[in-house]
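Please read the structure below before turning to the comments.
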Amino acid sequence: MARLRRRACIALFLFTLFIFGTMMGLRTLKPSDGFSDLAPGLELAPFAERGERRSVSHEAISRPQVATSSDAKAPTPPVYYDLHIFYYMWYGNTHFEGKYLHWDHVMVPHWDPKISASYPKGRHSPPEDIGSSFYPELGPYSSRDPEVLEEHMNQLRAAAVGVLVLSWYPPGLADDNGEPSDSLVPFILDAAHRYAIKVAFHIQPYKGRDDHTVHENIKYIVDKYGSHAAFYKCKTSTGRSLPMFYIYDSYLTPPESWAKLFTQSGSHSLRNTPYDAVFIALLVEEGHKHDILSAGFNGMYTYFASNGFSFGSSHQNWKAIKAFCDSNNLMFIPSVGPGYIDTSIRPWNNHNTRNRVNGKYYETALQAALMVRPEIVSITSFNEWHEGTQIEKAVPKKTLTRLYLDYLPHQPNMYLELTRRWAEHFSKEKEQWLM
């Protein structure tokens, strides 16, 4: 009997120990880090519980702008005009151009000859070997292909992106790896209009660009494309409806020169003329904030999708940048991206690679942008394949010499879907901020 009693006590003790251990284990489990592979709902609800909300910039869009049924071919779900995405029309292939453009991108040598000697040189050789670490579902396409353009608009619609920010060079000019493409603009505007998408312009640097040539660029764009239904204009708090221009590498021109164009007293000012607009400068270094202000720009964007690459692209600095912009009546447009890898064209630049981590890197950037309550968010990019920032559909591919990255275990539309879900949440949050 004593032996049975002893066994019963031991069993009871072990059972009690098991229950205690289980309860302690449950207590020590950490909650989710807030990220899921496809972010259903994006789990950003805590932002809705913040305290007093600061008012938006005086030049902000007054309400979240959404395509309605009155718009041409208004999509379901809607597109959001406070979500902008950088788009490139510099690609070509043998079918449309008789040769490959950009897909055969040169491998850029390092500026230090000793470092450069350790890395491969030459050009890529499409269609199997392209200047990208990912491979597009459409293959190495031409930006002139009407079917490609239609598919791109369909993908942008699926992502709920309302404004395509078109990388633009003046007529007759192009980057080192492309050809002039201004003749494509009417086709892009027409295609965008069919999907209720608007088009803004991203003015690229070119030889001799200064305040005088940009003055002519703005006049040309407004005169030629400004009356198109897809030409993007944002409504300011003063009731004016103005175009928006992003100016890439704006810091290459002295602020004193820009001031001649963008300040009221400038010698050839665009202010209060038919060519007035919202002009957005690129913020790279911290000191550029004051240059942008004195130059007369309306705001700043950060472009680069590599967190930590520059002062402007570092998420941890966005709160301070937004505060500076708010206090100086400037618009802050943070740029978010799904990742960054440009080693297919800059093989020595792997230290700036930012892995996608199945979408978590993108979600981190989206959360960082939402925390500063911006009027507009820009996405880098729809199709900058060279730098691996694209959200366009990509597919797995392996050749004898290349193994491309992909979106597995997710589908090719993963980043389009993620963008759409976040866009919907951003719009709901913004409605609360403006109440």
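The values are calculated or read from the model by the stated rules, or taken from the named source; none is laboratory data. Note that the coordinates shown come from a computational prediction; the quantities given were computed from them, not determined experimentally. Note that each Cβ is placed from the backbone with ideal geometry, even for glycine, and that neighbours are counted across all protein chains shown. Side chains included, ligands, DNA and RNA excluded: accessible areas come from the protein's heavy atoms. Shrake-Rupley method; radii C 1.70, N 1.55, O 1.52, S 1.80 Å.
For Arg346, state whether it is of a type outside the set (Asp, Glu), part of a loop (DSSP other than H, G, I, E, B) and either buried (at least 23 other Cβ atoms within 10 Å of the Cβ) or at positive phi (or both). It is false that Arg346 is of a type outside the set (Asp, Glu), part of a loop (DSSP other than H, G, I, E, B) and either buried (at least 23 other Cβ atoms within 10 Å of the Cβ) or at positive phi (or both).
Exactly one of these conditions fails for Ala320: (1) over 18 Å from Met244 (Cβ atoms); (2) buried (at least 21 other Cβ atoms within 10 Å of the Cβ); (3) not basic (Lys, Arg). Give me its number. For Ala320, the exception is condition (2). Which one of Gly162, Gly122, Gly172, Gly131 is out of contact with any helix residue (DSSP H, G or I) (no Cβ under 9 Å at 6 or more places or on another chain) and either at pLDDT 95 or above or within 19 Å of Ile85 (Cα to Cα) (or both)? One residue alone meets the criteria, Gly122. For the range 242-272, a tally of residues being outside any loop (DSSP other than H, G, I, E, B) and either modelled with pLDDT under 95 or among the charged types (D, E, K, R) (or both) returns 2.
For Tyr195, the stated conditions do not hold, so it cannot be described as more than 26 Å from Arg420 (Cα to Cα) and either within 23 Å of the chain's Cα centre (by Cα) or hydroxyl-bearing (Ser, Thr, Tyr) (or both).
One residue stands out among those in the range 98-142 that are over 17 Å from His351 (Cβ atoms) and among the polar types (S, T, N, Q): the one that is surrounded by the fewest Cβ atoms within 10 Å (Cβ to Cβ), which is Ser125. Scan the range 325-340 and give yes if some residue there is in a helix (DSSP H, G or I) and open to solvent by 40 Å² or more (accessible area, probe 1.4 Å), otherwise no. Yes: the range 325-340 contains one or more residues that are in a helix (DSSP H, G or I) and open to solvent by 40 Å² or more (accessible area, probe 1.4 Å).
Scan the range 418-433 for residues that are open to solvent by 40 Å² or more (accessible area, probe 1.4 Å) and more than 17 Å from Gln155 (Cα to Cα) and the total you get is 3. Residues in the range 349-366 that are assigned to a helix (DSSP H, G or I), open to solvent by 40 Å² or more (accessible area, probe 1.4 Å) and not charged (D, E, K, R): Asn350, His351, Val357, Asn358, Thr364. Might you let me know whether the range 285-302 holds any residue that is among the hydroxyl-bearing types (Ser, Thr, Tyr) and buried (at least 21 other Cβ atoms within 10 Å of the Cβ)? There is at least one residue in the range 285-302 that is among the hydroxyl-bearing types (Ser, Thr, Tyr) and buried (at least 21 other Cβ atoms within 10 Å of the Cβ). Note on the range 388-417: residues that are open to solvent by less than 20 Å² (accessible area, probe 1.4 Å) and touching a Phe, Trp or Tyr at 6+ places or on another chain (Cβ under 8 Å) amount to 10. Looking only at residues in the range 212-238 that are buried (at least 20 other Cβ atoms within 10 Å of the Cβ) and within 19 Å of Gly296 (Cα to Cα), the one that is nearest to the chain's Cα centre (by Cα) is Cys234.
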